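What follows is a single structure, written as structure tokens, with notes after it.
Derivation of every value follows stated rules applied to the coordinates shown; laboratory data play no part. Predicted, not measured: the structure shown is a model, and the values here were computed from it. Note that we place each Cβ from the backbone using ideal geometry, even for glycine, and neighbour counts take in every protein chain shown.
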Amino acid sequence: MYLTIHNLFWLLLTGSIVGVLGAILGIGGGIFLVPALVLIFHIPVHHAIATSIVSVIATSSAVASTNVEKGLANMRLGMTLEVATVLGAMSGALTAGWLSEATLLQIFAVVLLVVAVLLGWKSSKSEREAIPNPQHPVLDDQPDDLGLLGASFYDPAEGRQISYRVWKVLPGFLASLIAGNLSGLLGVGGGFIKVPVIHLICGVPMKAATATSNFMIGVTAVASALIYFGRGEVRPALTATVILGVLAGSFIGSVVSQRLSGRLVQAIFAVFLLPVIWQMFVRAGL
Amino acid sequence: MTLCEVVDDIIKHMAGRCVIFMSLASLVLAGCGGVAVTPMDTPVPTWPPTEIEPTSSPTRMPVPLPSPLEQRSSSSADRTDSLIYQDPADVDNSDLPITAIEELHTTGKPVELDITTYRLTVEGLVENPLSLSYEEILAYPSVTEVVLLICPHVFYDNAEWTGVPVADILRQAKVKPEAEKVYFKASGGYRQSLTIEEALSDGVFLAYEVNGQPLPQEHGYPLRLVARGKYGSRWVKWLTHIEVISGDSL
């Protein structure tokens, strides 16, 4: 490897910051990694997205391994919806190859703006608590029939087993298609689209929805990463270095986040994101 | 045990392996990236495959790699391999070989421009806004210089570029004293800026030829910015607008 120490240091640092932010804010790192690589390191957009998509595989795997073990991730629902995310991801990754840098930057800037608005909105309400879902109440302990996709998990915070059925799979499928498409196109996880839909419309409790989405993200990213790889856009030294940083960062972030007010951080960050969005818009010529 | 439970069991058992597979896949992808694209002078495979010349295939990855010994044997190979990790401002390119025109790299999809209606406009904080046709640009006194382009982590090209110094154009447009930055904007929206001092310096010019031939479309035809000492992201291709601004306005 010919990476200079200077390069190595800044890439590791950037990766760690992205990992910490992702863990604290509860959204994947990809959405920050791509702007950082493009604006600070002058990496071409397609290569930045390729780097990001591989790092998404790594973070998703790291988180999913504990979630699957705890039974939080609903594997049957996840695998069903993955059909949609993978289709979306592959078409997104293929589309990215057809788009000019400017167009990709423009799409990215708009999505970043949406994420900033979502963060601001999330910070203004009492999050972390599962939003009660009157339409699809959580079922009593261990009911007989959870349906084809329903599941149950033990919630230590509530000290009981939580069982749920999955309602309306079609909207979940559509959301997964869109999330997968954005994932393949922009190198982001797409959880910010899937989680609200799986939770609010499919009626899956928040913790299970987040865990399931997280599990799906890695599988989805593998599909599009292979397409970026085929185009030669995955750069080894860059990707490996950034991933090491992101993994270390997410670990630190997950420890720190337990002592921080998530709402405050989200509010601060929504504001901090604005100049980044501005820079992306400037670069994209909007 | 119902069928659902059996399926559930299988899935749960597979889950751990699935995760391990994904971690491995990410590492293998990062690792294979190196095998696939290391000799830096081989062109990066493009998508869709139809764009690739018939002699090459998109799955060429493992084929004719030099052995590690061969790779390490010459220090100049080491030097060129490490160029992609360096800042072009720190590199002396005087003893680097010239990259052949068909081996020049590019990223993203090219933008098409109609040369009959093409105009380069110079506006903003200038007393004499300009709108130049391709012929008018060719009529300016030209400079020819070998300039190194580094696209960090991806590739480098050391080519001989010919074009019009940005300083000449800005001098004719009469930049106002409050000017601080110059934006270079491509057809399609891509935009980059240089400070006014950088824009006026030597080695910053609007290229219409590379290695003595007209600029190919994928490299920015009709006009691309060449900026010595700046990363490739600043070398705006398909240039259509130059806008002079003060620091606090867009």
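Structural remarks
- Whole-percent pair-distance distribution, where bins are 5 Å wide, for the alpha carbons of the range B:96-161: 3, 12, 14, 15, 17, 21, 12, 5, 1
- Spatially, the range A:52-80 and the range A:143-173 are offset by 17 Å when compared through their Cα centroids.
- Distance between modelled label sites at B:Ser94 and B:Asp202, nm, 7 Å Cα→Cβ extension: 1.2
- Gaussian network model of chain A, Cα within-10 Å springs - most flexible of A:Pro44, A:Pro275, A:Pro35: A:Pro275
- The separation of the range A:200-231 from the range A:234-248, counted between C-alpha centres, amounts to 20 Å.
- Along its three principal directions, the equivalent ellipsoid of chain A from the Cα gyration tensor extends over semi-axes of 31, 20, 18 Å, largest first.
- FRET efficiency, 1/(1 + (r/R0)^6) with R0 30 Å, evaluated for A:Ala248 and B:Asp87 via beta carbons: 0.70
- Here's the picture: a label point sits 7 Å out from the Cα of B:Glu145 along the beta-carbon direction, and within the range B:161-181 the residues with their amide nitrogen under 12 Å of it are B:161-168.
- B:Thr117 sits among other residues whose Cβ lies under 15 Å from its own Cβ, and their net charge, with Lys and Arg +1 and Asp and Glu -1, is -3.
- Computed [θ] at 222 nm, deg cm²/dmol, chain A (DSSP H ≥ 4; -39,500 (n - 2.57); rounded to nearest 500): -24500 deg cm²/dmol
- In this structure, A:Val271 and B:Ser246 have a Cβ-Cβ separation that, at R0 = 22 Å, corresponds to a calculated FRET efficiency of about 0.30.
- Order of A:Phe269, A:Phe32 under a 10 Å beta carbon neighbour criterion, fewest first: A:Phe269, A:Phe32
- Over the range A:138-286 - Rg/Rh using Cα atoms and the Kirkwood inverse-distance radius: 1.02
- Placing unit charges on the Cβ atoms only, positive for Lys and Arg and negative for Asp and Glu, gives the range B:185-250 a dipole magnitude near 200 debye about its Cα centre.
- Cβ-based net charge around A:Ser60, under 13 Å, with every Lys or Arg adding one and every Asp or Glu removing one: 0
- For B:Arg171 and A:Leu113, a Förster radius of 41 Å and the Cβ-Cβ distance give a FRET efficiency of 0.55, rounded to the nearest 0.05.
- Rounded to whole Hz, the Karplus (6.51, -1.76, 1.60) HN-Hα couplings of the range B:139-155, x for glycine and proline: 6, 5, x, 10, 10, 10, 8, 8, 10, 8, 9, 10, 9, x, 6, 10, 6
- Fewest-first ordering of B:Arg228, A:Arg259 by other beta carbons within 10 Å of each residue's beta carbon gives A:Arg259, B:Arg228.
- Residues A:Thr241, A:Thr59 arranged by fewest to most Cβ contacts within 10 Å: A:Thr241, A:Thr59
- Largest GNM mean-square fluctuation among A:Leu105, A:Leu226, A:Leu274, using chain A with Cα springs under 10 Å: A:Leu274.
- Potential lengthening between A:Leu39 and A:Ala157 on full extension [0.36 nm per residue; Cα-Cα distance subtracted]: 38.4 nm
- Relative contact order, percent, chain A [alpha-carbon distance under 8 Å, six or more residues apart]: 40
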